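**Q** Provided herewith is a single structure, encoded as structure tokens, for subsequent inquiry.
Bear in mind that the values in this text are calculations on the coordinates, not laboratory data. Small disclaimer: the values here were computed from a predicted structure and weren't measured. Cβ placement follows ideal geometry from the backbone for every residue including glycine, while neighbour counts extend to all protein chains displayed.
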Amino acid sequence: MRYLKRAVSLLLVSVLGCSGNSIIASNEIAAATDALQTARNVDASAYAGEQYKAAENTLNKAREQMQEKDYDAAIKLSRVAALQAHYATAVAQWKIKSNEVGQAQAALQAIKSEVDFLRSQIEEVKKQVQ
């Protein structure tokens, strides 16, 4: 009887433990999916293609592990995929802002050139008037 109780206890622990890990894995995959969607929303596939693809591949591996019921691996891979997706988002945002800064600097340089030209024109007109 004692062994039967112990066996039932072990069975319950393993079933409940797997169920808990399954839920955690599902939640982690959902979080990684959301992070990848955020990366997609900032066009990370174009601006941070390598990083975005790495996140996508890792998330697919996590889903495969989930299908194989290797919940611990699915959890770990999902967390890595989420971090990779956040990194891809950051890289894409950085590149977009860098482009904007470059365009702003070019516009400022054009304005400065125009100001310099107009200043020289004013000086010439002043000389002619005197």
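**Q** If a residue must be aliphatic (A, V, I, L, M), farther than 19 Å from G20 by Cβ and surrounded by 11 or more Cβ atoms within 10 Å (Cβ to Cβ), how many such residues does region 62-115 contain?
**A** Number satisfying all stated conditions: 10.
**Q** Does L36 satisfy the condition of being more than 14 Å from the chain's Cα centre (by Cα), surrounded by 22 or more Cβ atoms within 10 Å (Cβ to Cβ) and not polar (S, T, N, Q)?
**A** Answer is no for this residue.
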